[in-house]
Amino acid sequence: MRSRRVVVTALGIAQILAWGSSFYFPAVLAEPIVADTGWSLAWVVGGVSIGLLVAGLVAPRVGSIIERKGGRPVLAASSLLYAAGLAGIGFAPSLPVYLLAWVVLGAGMGTGLYDAVFAALGKLYGKEARTPITNLTLFGGFASTVCWPLSAFLAETVGWRGACLVYAGLHLSVSLPLQMAVMPRLSALPKGDAVAGVGTDKPQDARMPLQQYLTFALLALVLTISAGIGSIVVVHLLIFLQAKGTTFAEAVTLGTLFGPAQVGARFIERIFGERYHPIWTMVVSCGLMAAGLALLLAAFPILAVAIVIYAAGYGIMWIARGTLPLALFGPARYATLMGRLAFPSLIVQALAPSAGALVIEYAGAGATVATLTAFAIANVVLVGILWATCRLPRNETAS
């Protein structure tokens with residue numbers, strides 16, 4: 001089996017391409033598409049929502065497949081689906097074909113973004129997957145940094161259709177070989193790992209105590225609220241900043257702090273994270289997101305501070321999303337549970353930006369930030385309850 005550093009580096013490069021050619025796709029290429037085709041900007045950007053919806057719908061099935069067969073076939077399928085979806089977008093002669101291509105691309109997102117790769121790493125490394133998962137998110141944090149300039153360059157040199165085809169080629173020539181080179185076949189794993197969880201999904205779930213069912217539901221709710229808040233803020237951050245009196249140029253400058261703050265927080269988590277339970281990563285994440293939004297709502301004079309605090313919390317949320325289920329429920333059914341956890345959060349991620357836009361249109365940016373702050377504070381309470389439920393079994397055992 002290859003070293004973990006090689007595995008994470010290969011999967012990390014694939015993650016940069018996966019995020020950059022799907023979730024971050026419209027940021028640079030939407031306007032060239034609209035200018036060339038005359039299609040509505042709302043529909044062009046709506047392709048991402050369609051993709052996330054499809055990703056959420058396939059997520060439970062993806063988790064089950066990884067549980068039974070390992071990550072190799074799923075990650076191979078993701079590269080092929082990405083290539084097919086992006087080629088479909090590049091050749092799309094009409095808006096319906098463009099949106100249909102996003103359905104294919106969404107299946108690629110469901111099989112190739114964080115949740116699926118977290119599940120694959122959990123299947124591969126078991127209880128020791130925390131560090132590889134954390135390291136993987138460091139790569140993912142550079143997706144916009146790498147792909148936004150690349151997309152802009154491609155749009156100027158070969159056009160938006162050519163850019164889609166180049167990305168499709170990169171998935172076939174870079175992501176697919178890298179992922180296949182480092183992900184072993186299930187039969188190549190040590191026997192105890194290869195059979196872990198295979199064919200035992202339903203019996204294990206049936207034996208899961210009520211305490212664990214409640215913990216799982218609460219974790220799903222916390223992750224879904226965090227994902228929904230994050231999706232709205234990522235899409236509408238510049239609007240929120242301009243509502244506080246900044247010019248567009250100032251808002252863009254402040255927005256550039258978001259990515260480095262995410263990566264910086266993940267790097268700190270990488271250094272110290274193994275010293276404490278992942279529940280504390282989730283607690284700190286929810287606290288920082290609530291604090292950042294509260295500062296933004298209160299018109300804190302240094303907006304950069306609010307952005308950095310919020311982005312740091314949002315950045316480590318993705319680490320907690322991968323490591324906390326592993327710590328709470330163990331590696332035996334981790335892949336299956338990751339698929340089930342991904343389902344509601346991806347659906348909410350798909351719908352949240354449109355819901356946020358409606359609130360902004362009818363109530364204003366300030367009311368939207370206030371609503372998000374309320375949800376973030378509620379999430380702090382929920383994660384506190386989750387922390388208490390995590391401690392309860394230990395207390396019962398001690399007594």
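The values are calculated or read from the model by the stated rules, or taken from the named source; none is laboratory data. Note that this is a predicted model, so its numbers are computed, not measured. Cβ atoms come from the backbone with ideal geometry, glycine included; neighbour counts cover every protein chain shown. Please note that ligands, DNA and RNA were not included when accessible areas were found on the heavy atoms of the full protein model with its side chains. Shrake-Rupley method; radii C 1.70, N 1.55, O 1.52, S 1.80 Å.
Pick out, from region 175-232, the helices (runs of 4 or more DSSP H) lying fully within it that include 2 or more residues that are modelled with pLDDT under 90 and surrounded by fewer than 12 Cβ atoms within 10 Å (Cβ to Cβ). Working first, answer last.
Numbers: elements: 176-182, 191-194, 201-207.
Here the list reads 191-194, 201-207.
Residues are listed down the side, and each one gets a yes or a no for (1) open to solvent by 20 Å² or more (accessible area, probe 1.4 Å); (2) within 26 Å of Val45 (Cα to Cα):
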{"position": "Ala298", "(1), (2)": "yes, no"}
{"position": "Leu328", "(1), (2)": "yes, no"}
{"position": "Leu337", "(1), (2)": "no, no"}
{"position": "Ala370", "(1), (2)": "yes, yes"}
{"position": "Thr373", "(1), (2)": "no, yes"}
{"position": "Gly384", "(1), (2)": "yes, no"}
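Is it fair to say Leu358 is over 21 Å from the mean Cα position of the chain (by Cα) and not polar (S, T, N, Q)?
Numbers: over 21 Å from the mean Cα position of the chain (by Cα): yes; not polar (S, T, N, Q): yes.
When the stated conditions are applied, Leu358 passes them.
Could you list, ordered by first residue, the pairs with Cβ atoms under 7 Å in which the first is in region 271-285 and free of Cβ contacts under 8 Å to residues at least 24 places away in the same chain and the second is crowded, with 18+ Cβ neighbours inside 10 Å and assigned to a loop (DSSP other than H, G, I, E, B), at least 6 apart or interchain?
From residues that are free of Cβ contacts under 8 Å to residues at least 24 places away in the same chain, there are no pairs.
This table checks each residue for (1) in contact with a Gly (Cβ under 9 Å, 6 or more places away or on another chain); (2) touching a residue at least 60 places away in the same chain (Cβ under 8 Å).
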{"site": "Ile268", "(1), (2)": "no, no"}
{"site": "Ala294", "(1), (2)": "no, yes"}
{"site": "Ile302", "(1), (2)": "no, no"}
{"site": "Gly330", "(1), (2)": "yes, yes"}
{"site": "Ile347", "(1), (2)": "yes, yes"}
{"site": "Ala352", "(1), (2)": "yes, yes"}
{"site": "Gly366", "(1), (2)": "no, yes"}
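Every residue in region 238-266 that is within 30 Å of Glu128 (Cα to Cα) and in contact (Cβ under 8 Å) with a residue 60 or more places away in the chain, please.
Pass one, region 238-266, residues within 30 Å of Glu128 (Cα to Cα): 258-266.
Hits for region 238-266 are Gly259, Gln262, Val263, Arg266.
Of all residues in region 270-287, count the ones that are within 23 Å of Thr145 (Cα to Cα) and either touching a Gly at 6+ places or on another chain (Cβ under 8 Å) or not in a helix (DSSP H, G or I) (or both).
Residues of region 270-287 within 23 Å of Thr145 (Cα to Cα): 270-271, 285.
From the residues that got through so far, the ones that are either touching a Gly at 6+ places or on another chain (Cβ under 8 Å) or not in a helix (DSSP H, G or I) (or both) too are 285.
Result for region 270-287: 1.
Based on this model, can you work out whether Thr145 counts as surrounded by fewer than 23 Cβ atoms within 10 Å (Cβ to Cβ), at pLDDT 90 or above and polar (S, T, N, Q)?
Numbers: surrounded by fewer than 23 Cβ atoms within 10 Å (Cβ to Cβ): yes; at pLDDT 90 or above: no; polar (S, T, N, Q): yes.
Taking the combined requirement at face value, the residue does not satisfy it.
Which numbered condition in (1) under 28 Å from Gly245 (Cα atoms); (2) assigned to a helix (DSSP H, G or I); (3) among the small types (Gly, Ala, Ser); (4) at pLDDT below 90 is the only one that Gly292 fails?
Going through the list (1) under 28 Å from Gly245 (Cα atoms); (2) assigned to a helix (DSSP H, G or I); (3) among the small types (Gly, Ala, Ser); (4) at pLDDT below 90, Gly292 breaks only (4).
Being surrounded by fewer than 24 Cβ atoms within 10 Å (Cβ to Cβ), part of a helix (DSSP H, G or I), free of Cβ contacts under 8 Å to residues at least 12 places away in the same chain and of a type in the set (A, V, I, L, M) narrows it down to one of Val104, Val97, Val58, so name that one. Even if it seems obvious, please write down each step before you answer.
Working: Val104 fails: free of Cβ contacts under 8 Å to residues at least 12 places away in the same chain; Val58 fails: free of Cβ contacts under 8 Å to residues at least 12 places away in the same chain.
Being surrounded by fewer than 24 Cβ atoms within 10 Å (Cβ to Cβ), part of a helix (DSSP H, G or I), free of Cβ contacts under 8 Å to residues at least 12 places away in the same chain and of a type in the set (A, V, I, L, M) holds for just one of Val104, Val97, Val58, which is Val97.
Tell me which residues, restricted to region 305-326, are hydrophobic (A, V, I, L, M, F, W, C), open to solvent by less than 10 Å² (accessible area, probe 1.4 Å) and closer than 12 Å to Ala129 by Cα.
Within region 305-326, Ile319, Leu324 meet the criteria.
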